[in-house]
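Trainee: Next up is a structure, given as structure tokens.
The values are calculated or read from the model by the stated rules, or taken from the named source; none is laboratory data. Fair warning: this is a prediction, and the values are worked out from it, not measured in the lab. We place every Cβ from the backbone using ideal geometry, glycine too, and count neighbours over all the protein chains shown.
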Amino acid sequence: MSHKIWDFKGGIHPPQNKSQSTQDPIAQAPIPSRLVIPLQQHIGQPAVTLVTLGERVLKGQKIADPGGYVSAAIHAPTSGTVVAIGEHPIPHASGLSDLCIEIEPDHLDEWGDRNPVADYSQVETGNLLAQLRESGITGMGGAGFPTSVKLKPREEIEITHLIINAVECESYISCDDMLMRERPEQVIRGIRILNHILKPTQTLVAIEDNKPEAAAALQSALETLGESNRIKIISIPTKYPSGSEKQLITILTGLEVPNGGIPADVGVVCQNVATAVSIYKAIELGEPLISRITTLTGDALQQRCNLEVMLGTPINELLQHTGLQEEKLHRLILGGPMMGFTLKQRNLPVVKTVNCILAVTAQEIPDPAPEKPCIRCGFCAQACPISLLPQQLHWYAKSQEFDKALQYNLLDCIECGCCAYVCPSDIPLVQYYRFAKGQIRVQEHGRTQSEHAKRRFQARNQRKENEAAASALAREVRAKAAAEKRAAKESAATDNKVDDKAAVIQAALKRVNAKKKQQVVQQAPTNNRDSIGD
Amino acid sequence: MMTILTPILILLGLSLVFGALLGFAAIHFRVDEDPLVDQIDNIMPQTQCGQCGYPGCRPYAEAIAQGEAINKCPPGGTATVQALADMLGRDFEPLDTDKLADDSKQLAFIREEECIGCTLCIQACPVDAILGAAKYMHTVLETECTGCRLCVEPCPRDCIDMVPVKPTPKDWHWPMPKAKLIAPPVSIIVSDHTHTGHA
């Protein structure tokens, strides 16, 4: 059971605030009046809609196909009618709208076809991955990376570790904790499938030591399912951000994912516990990803709990359901207090990556104090889990010297917010880094675009030159041909005359010569004969 | 006599050898074009819009290498001027103001029902971003259009609009954090620290 664990540099210990939402078991959220399902709930290409307006869809029916290799399918969370396909605000930091399919539920909750895999141990990995892709499984920890892509590392890589991320290090969020407490068997069954697909030498479930109930539940499920030899549950010290993929790999293996690399580069694949459960449901039950467990918490809610929510459920209906007290509400945050963002509106749907909706009072999370000048205390550098120099990055982002920020490895920043948390000057450091990262991306995009435009411009110029050259050549050839023709005609005219004359003369000469010869020949024999005869 | 002749001969020999080497290098490793022009051209936005008064980005780059002002490129904006100033060691100059500097990207859009299929815009487009044939409707390829506006002028029907590109969640980026103008009560000393987000 004992497994050596490492520590990563930095990190912080923010107040947990998790117990508020773990008092009641997971409850089912009611079917909402309308479901809004964005076509882009994952990293990669948006999904491509398969349904038409007014079409009746069944629960679990695929309503959008993956729009590319890195993409995920989307399914109807309940039965109903497609009432709109168009732009709708989505839960995104920008507050912008994107393409969504809107479904009006008929409250029958009638299932469509479910195609479970009877015995996955007999099925080829490729087919299982295809089933996951068809079931719309994406990472549920936060980023939403399509799972079928993540589970297919490059051929030459040998996966030594499968790490199941049950850390859930951010304050307030308890959806994974509750999932493990209540459905440990589903978690283990999901991990079994992952083991079958990846065949790692070691499978580790990492869980922070502030969730002993969940760890115990998983352990007993391991024993019931007879998997305790193959899957190990590792308790790690509670520290933020241990749940960050790269930090977790360091904690469990002592390895470090190289700059710009992915975990597979060091032979590791990480999966979130909730993702493991959705994998189990997709393979063994044939149920696509149509709902998730979301934590609704914060002092402005009467009922702080974890709800199993259909994807596409509007947040305002969930807030109503949990008894939002408007007068207490100060801020509505999507995600945790460290990495989440403030919502400007409430008619936004829950998507595959929404793990927490936080309705906080002004006492809980007050507005940040005004930014004061950096005093170079260096706390941020001590807190940074990536060993970056947040102070330097802050100067360069602020003065928009992005090339220097890049030299200081800005792109390695995971935006965990530790630096801003410890900053005594209340500098919104992460916002500066996000700004700088965005600008760097804009500049890069501009460069590739101008390079592209340049190529097209040059190609066009080349083509025009070629065309001009070709037409000049054609003109020349034509002119030459015409000149030749003309010359030929003229010379033919004169030549003919000359030739004729010469020929006539020649012919005349020939005739004359021939005559002369004949005369000579005729005369000679007679002469001979005459002489003989004489 | 020999003492002075020897060094002279040695030096003469050396100078001949090095002279020959330099001469060989000058001919053999000759750079046909000013490499500076390429570097400047790489900074240019390559819209080929001609707003600088030169027929394209490269001619302007050549002119800059000859000493032309660096602030004549509205599509490149301040960033390009800054990059040029950094590279050439010249002073930063604000963008030439009589030219409109519009930061937001625009794309050409042909109101197709009004298009008569004259092909004039196709001929004007420096990056072949307009599709169509004589007496057939034309349309702009969104992915190729650089927003240079060169097609707007030649259109006899005036049916080409420059449409600003709508931001989508995919190409949205975080803005620079704004300094707060109205500050809430600030905790200056420990005793007036009324509430805290950290425990």
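Trainee: Regarding the range B:92-106, can at least one residue be identified that is modelled with pLDDT of 90 or more and either more than 9 Å from chain A (Cβ to nearest Cβ) or not in a strand (DSSP E or B) (or both)?
Mentor: No, the range B:92-106 contains no residue that is modelled with pLDDT of 90 or more and either more than 9 Å from chain A (Cβ to nearest Cβ) or not in a strand (DSSP E or B) (or both).
Trainee: To continue, here is another question. Quick one: in the range A:396-418, of everything that is over 30 Å from A:L332 (Cα atoms) and more than 14 Å from every other protein chain (Cβ to nearest Cβ), which residue is surrounded by the fewest Cβ atoms within 10 Å (Cβ to Cβ)? Break it down into steps so the answer makes sense when it comes.
Mentor: First, the residues of the range A:396-418 that are over 30 Å from A:L332 (Cα atoms): A:396, A:399-409.
Within this subset, residues satisfying the condition of being more than 14 Å from every other protein chain (Cβ to nearest Cβ) are A:406-409.
On the way: A:L406: 15, A:Q407: 11, A:Y408: 18, A:N409: 15.
Per the stated criteria, the residue is A:Q407.
Trainee: Right, another one. Would you confirm, using the coordinates I've provided, whether A:Y421 is surrounded by 22 or more Cβ atoms within 10 Å (Cβ to Cβ) and part of a helix (DSSP H, G or I)?
Mentor: Values: surrounded by 22 or more Cβ atoms within 10 Å (Cβ to Cβ): no; part of a helix (DSSP H, G or I): yes.
Criteria not met by A:Y421.
Trainee: Tally the residues that are of a type in the set (D, E) and more than 14 Å from every other protein chain (Cβ to nearest Cβ), restricting the search to the range A:72-103. Please lay out each step first, then the result.
Mentor: Quick first cut of the range A:72-103, residues of a type in the set (D, E) only: A:87, A:98, A:102.
Remaining after also requiring more than 14 Å from every other protein chain (Cβ to nearest Cβ): A:102.
Result for the range A:72-103: 1.
Trainee: If I filter the range A:459-468 for residues that are surrounded by 14 or more Cβ atoms within 10 Å (Cβ to Cβ) and either hydrophobic (A, V, I, L, M, F, W, C) or closer than 30 Å to B:T80 by Cβ (or both), do I get at least one hit?
Mentor: yes
Trainee: Pick from the range B:3-46 the residues that are closer than 15 Å to B:L84 by Cα and away from chain A (no Cβ under 14 Å): which of them is modelled with the lowest pLDDT?
Mentor: The qualifying residue modelled with the lowest pLDDT is B:P35.
Trainee: Does the range A:439-447 include one or more residues that are crowded, with 16+ Cβ neighbours inside 10 Å, closer than 30 Å to B:C125 by Cα and free of Cβ contacts under 8 Å to residues at least 24 places away in the same chain?
Mentor: yes
Trainee: In this structure, is A:Q271 crowded, with 22+ Cβ neighbours inside 10 Å and outside any helix (DSSP H, G or I)?
Mentor: For A:Q271, the condition - crowded, with 22+ Cβ neighbours inside 10 Å and outside any helix (DSSP H, G or I) - is met.
Trainee: So which of A:P314, A:P366, A:P337 ends up being within 14 Å of chain B (Cβ to nearest Cβ) and either within 23 Å of A:L35 (Cβ to Cβ) or over 26 Å from the mean Cα position of the chain (by Cα) (or both)?
Mentor: On the way: A:P314 fails: within 14 Å of chain B (Cβ to nearest Cβ); A:P337 fails: either within 23 Å of A:L35 (Cβ to Cβ) or over 26 Å from the mean Cα position of the chain (by Cα) (or both).
Being within 14 Å of chain B (Cβ to nearest Cβ) and either within 23 Å of A:L35 (Cβ to Cβ) or over 26 Å from the mean Cα position of the chain (by Cα) (or both) holds for just one of A:P314, A:P366, A:P337, which is A:P366.
Trainee: Hey, among A:E401, A:E371, A:E476, A:E415, which residue is in contact (Cβ under 8 Å) with a residue 12 or more places away in the chain, more than 27 Å from A:A143 (Cα to Cα) and among the acidic types (D, E)?
Mentor: A:E371
Trainee: Scan the range A:278-288 and tell me whether some residue there is assigned to a helix (DSSP H, G or I) and free of Cβ contacts under 8 Å to residues at least 24 places away in the same chain. It would help to see each step written out before you state the result.
Mentor: Keep residues of the range A:278-288 that are assigned to a helix (DSSP H, G or I), which gives A:278-285.
Subset that is free of Cβ contacts under 8 Å to residues at least 24 places away in the same chain: none.
The answer is no, given that none of the residues of the range A:278-288 is assigned to a helix (DSSP H, G or I) and free of Cβ contacts under 8 Å to residues at least 24 places away in the same chain.
Trainee: Given the conditions (1) without any contact (Cβ under 8 Å) to a residue 24 or more places away in the chain; (2) surrounded by 17 or more Cβ atoms within 10 Å (Cβ to Cβ); (3) within 14 Å of chain A (Cβ to nearest Cβ); (4) not aromatic (F, W, Y), report the number of the one that B:G76 does not fulfil.
Mentor: (1)
Trainee: On to the next question. Restricting to the range A:166-187, name every residue that is in contact with a Leu (Cβ under 6 Å, 6 or more places away or on another chain) and more than 27 Å from A:A300 (Cα to Cα).
Mentor: If the condition is that a residue be in contact with a Leu (Cβ under 6 Å, 6 or more places away or on another chain) and more than 27 Å from A:A300 (Cα to Cα), then A:P184 is the only one that fits.
Trainee: Would you call A:A264 more than 30 Å from A:E102 (Cα to Cα), among the hydrophobic types (A, V, I, L, M, F, W, C) and part of a helix (DSSP H, G or I)?
Mentor: Considered against the rule, which asks whether it is more than 30 Å from A:E102 (Cα to Cα), among the hydrophobic types (A, V, I, L, M, F, W, C) and part of a helix (DSSP H, G or I), A:A264 comes out as yes.
Trainee: Sticking with this structure for a sec: Restrict the check to the range A:499-506 and report whether at least one residue is touching a Cys at 6+ places or on another chain (Cβ under 8 Å) and surrounded by 11 or more Cβ atoms within 10 Å (Cβ to Cβ).
Mentor: The first filter runs over the range A:499-506 and keeps only residues touching a Cys at 6+ places or on another chain (Cβ under 8 Å), leaving none.
No, the conditions are met nowhere in the range A:499-506.
Trainee: Of (1) assigned to a strand (DSSP E or B); (2) surrounded by fewer than 15 Cβ atoms within 10 Å (Cβ to Cβ), B:A133 satisfies all except one. Which?
Mentor: Answer for B:A133: the failing condition is (1).
Trainee: Then there is this: Select from the range A:346-363 the residues that are more than 30 Å from A:A73 (Cβ to Cβ), more than 13 Å from chain B (Cβ to nearest Cβ) and surrounded by fewer than 24 Cβ atoms within 10 Å (Cβ to Cβ) and list them in ascending order.
Mentor: Restricting attention to the range A:346-363, the residues satisfying the condition of being more than 30 Å from A:A73 (Cβ to Cβ) are A:359-363.
With more than 13 Å from chain B (Cβ to nearest Cβ) added as a condition, the list becomes A:359.
Once the filter is applied, which keeps residues that are more than 30 Å from A:A73 (Cβ to Cβ), more than 13 Å from chain B (Cβ to nearest Cβ) and surrounded by fewer than 24 Cβ atoms within 10 Å (Cβ to Cβ), the range A:346-363 yields nothing.
Trainee: For A:N316, only one of the following conditions fails: (1) closer than 24 Å to A:I236 by Cβ; (2) surrounded by fewer than 24 Cβ atoms within 10 Å (Cβ to Cβ). What is its number?
Mentor: For A:N316, the failing item is (1).
Trainee: Taking A:A64 as meeting all but one of (1) free of Cβ contacts under 8 Å to residues at least 40 places away in the same chain; (2) surrounded by fewer than 17 Cβ atoms within 10 Å (Cβ to Cβ); (3) part of a strand (DSSP E or B), write down the number of the exception.
Mentor: (2)
Rundown of residues vs (1) of a type outside the set (V, I, T); (2) closer than 16 Å to B:K170 by Cα, yes/no style:
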| position | (1), (2) |
| --- | --- |
| A:Q45 | yes, yes |
| A:T49 | no, no |
| A:L53 | yes, no |
| A:K62 | yes, no |
| A:D65 | yes, no |
| A:G80 | yes, no |
| A:C100 | yes, yes |
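Trainee: Please tell me if B:D128 is assigned to a loop (DSSP other than H, G, I, E, B), more than 11 Å from chain A (Cβ to nearest Cβ) and charged (D, E, K, R).
Mentor: When the stated conditions are applied, B:D128 does not pass them.
Trainee: So which of A:Q431, A:Q439 ends up being over 29 Å from B:Q39 (Cβ atoms), within 60 Å of the chain's Cα centre (by Cα) and within 11 Å of another protein chain (Cβ to nearest Cβ)?
Mentor: Details: A:Q439 fails: over 29 Å from B:Q39 (Cβ atoms).
One residue alone meets the criteria, A:Q431.
Trainee: At pLDDT 60 or above, part of a loop (DSSP other than H, G, I, E, B) and facing another protein chain (nearest Cβ under 10 Å) - does that describe any residue in the range B:152-162?
Mentor: Among the residues of the range B:152-162, not one is at pLDDT 60 or above, part of a loop (DSSP other than H, G, I, E, B) and facing another protein chain (nearest Cβ under 10 Å), which makes the answer no.
Per-residue answers, yes or no, for (1) in contact with an Asp or Glu (Cβ under 8 Å, 6 or more places away or on another chain); (2) over 30 Å from A:M339 (Cα atoms); (3) at pLDDT 90 or above; (4) crowded, with 24+ Cβ neighbours inside 10 Å:
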{"residue": "A:N115", "(1), (2), (3), (4)": "no, yes, no, no"}
{"residue": "A:G126", "(1), (2), (3), (4)": "no, yes, yes, no"}
{"residue": "A:G136", "(1), (2), (3), (4)": "no, no, yes, yes"}
{"residue": "A:A143", "(1), (2), (3), (4)": "no, no, no, no"}
{"residue": "A:T147", "(1), (2), (3), (4)": "no, no, yes, yes"}
{"residue": "A:I159", "(1), (2), (3), (4)": "no, no, yes, no"}
{"residue": "A:I164", "(1), (2), (3), (4)": "no, no, yes, yes"}
{"residue": "A:S171", "(1), (2), (3), (4)": "no, no, yes, no"}
